[in-house]
Amino acid sequence: MKFSDKNPELGALYGSHLATVTARHDHALEQAGASHAVIYSGDPKLAFLDDYHHPFKANPHFVGWAPLVALPFSYIVYTPGETPVLIYYQPHDYWHVVPGAPDGYWTGHFDVRIVHATDEVAAHLPADREKCIAIGEFHDESLAFGIERINPTTAINILHYARGVKTEYELAVMRLAAERGAAGHIAAEAAFRNGMSEFDIHRAYCEAVSHTDPELPYGNIIALNEHGAVLHYTDLDREAPENIRSFLIDAGAQVHGYASDITRTYSNGDPRFQDLIERMNTMELAIVDKLHAGLDYRDLHVATHTMLAEVLVDTELATGNPDTLLETGVTSAFFPHGLGHLLGIQVHDVAGHQESETGGTIDPPSGHPFLRLTRVLEEDMVLTIEPGMYVIDMLLENLRGTPAESHVNWDTVDWLRPFGGIRIEDDVRVRADGHENLTRDAFARAS
């Protein structure tokens, strides 16, 4: 019940959420000079030269309206001032399981119209297609039913920018996603402590969160030993290594399409590596404590590099003052990715670089091209904080022959290499004068 669309606590918040969604679409339609929005859920994609469909991934704009992540060939039709129409595709099919009868806290907010074939959809769309905009991915133009304005930039910019701020309903769903993800992490750590392979740790995680692989918000990163230095490691070795030294897990879960994104790193008994994990954990919490509305996330990212420089020096991985370690590229070699990103229906949620609702781009700071969030933070944004430290030889070798080389303690790097790296990641809600740590709260509830 808790994770279903019959959860009464979510139902109590859903009406207000829908009011916010409709208000955003009112504004988008007005600015786009249109009268109706037609949001398409999407359709499964066929594998090349095969009759096998790739797992279906619903249009996030559609999911923002209703908790329907497994409903292809369906449409929401919104006209300001009117009840939204949900064209609910329920085919006659004996090859596959078809969607059941509409049921859940969301049904009373829509004029639900069931269709059994796509050629029945047109009758439920506005007659004047010239006054419509369509939002979604249309590989088959016939599924747009003559609507020519597809994903107009004016409307999309408004909707994407607004999605950065979450409603109370969305925050409640994301707390549940964090809770589900924390349960998976606890199960995965236990599997690691029992000496299991990456593949079997992954299976333990999926069982704990009750997800198949396609239901995960992203491919789990289950990395033992030096695999932790591969930022997006997803190979999942079937055999456990003879000597298990460390475990980095970056894995999330979803509820109604909203994701959690959590990373933890563990030592298998090495006290020195455990001390380094604890230093990184302390640093990550200190970064989280700096969050508040009005903070420029770019400044927080750069401040993180200063904090990391201090850790590198204290743990004898580097020498020199923080400014020098930043300027020479030492911190970027150990920590090459961004501090975090917006989180929501999409793991890397949209508009992280968007300047305003009219568009524009806020570039990352010089020397930090992979930062996915460059906006000034607003209340009720949800984002990740995920500092890391890794031995990535191709990056560290680039420091050879430069002024940075003398600042790296290569003997300590050699010690750290078999452990791969460390990343600690929490999902955090921004408040006016602080934050709510969805991840830490979820782990606390599970303990």
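Derivation of every value follows stated rules applied to the coordinates shown; laboratory data play no part. All values derive from a computational prediction rather than experimental measurement. Here Cβ is always computed from backbone atoms with ideal geometry, including for glycine, and neighbour counts include all displayed protein chains.
A few points about this structure:
- At an R0 of 35 angstrom, the distance between the Cβ atoms of Ala432 and Phe48 translates into a FRET efficiency of 0.10.
- Two numbers describe the Cα atoms of the chain: Rg and Dmax, which are 23.6, 72 Å.
- Contour excess over end-to-end distance, with Cα ends at His139 and Val97 and 0.36 nm allotted per residue: 12.8 nm
- Per-pair calculated FRET efficiency, R0 = 30 Å: Asp323 and His353 via Cβ, rounded to 0.05: 0.65
- 0 to 90° range, to nearest 10: angle between helix 198-209 axis and the chain longest Cα axis: 50 degrees
- From least to most packed, judged by other beta carbons within 10 angstrom and beginning with the fewest, Val428, Val288 follow the order Val288, Val428.
- Distance between the pseudo-spin-label points of Tyr218 and Asp393 (7 Å out from Cα toward the beta carbon): 2.6 nm.
- Across the stretch 95-149, C-alpha contacts under 8 Å between residues 6 or more apart give a mean separation that, scaled by the residue count, equals a relative contact order of 27 percent.
- As a rough footprinting exposure proxy, the listed residues Leu396, Leu68, Leu339 were ranked by other beta carbons within 10 Å of their own, and the order from fewest upward is Leu396, Leu68, Leu339.
- In terms of packing, defined here as the mean over residues of other Cβ atoms within 10 angstrom, the peptides 183-190, 276-283, 115-122 line up highest first as 183-190, 276-283, 115-122.
- Spin-label zone in the stretch 63-95 - amide nitrogen under 11 Å from a point set 7 Å from the Cα of His116 along the C-beta vector: 90-93
- Net lengthening on full extension, Thr153/Glu30 (0.36 nm per residue, minus Cα-Cα): 43.0 nm
- Legend: P(r) of the stretch 168-312 from all alpha carbon pair distances, 5 Å bins from 0, whole percents, reading 2, 9, 16, 18, 18, 17, 12, 6, 1, 0.
- Ranking of Tyr297, Tyr94 by count of other Cβ atoms within 10 Å, fewest first: Tyr94, Tyr297
- Whole-angstrom Cα spans of the stretch 116-217 along principal axes, big to small: 63, 33, 22
- In the stretch 1-82, Rg over Rh equals 1.07, where Rg is the alpha-carbon radius of gyration and Rh the Kirkwood radius from pairwise Cα distances.
- Residue-averaged 222 nm ellipticity for the chain, from DSSP H runs of 4+ at -39500 (n - 2.57), nearest 500: -10000 deg cm²/dmol
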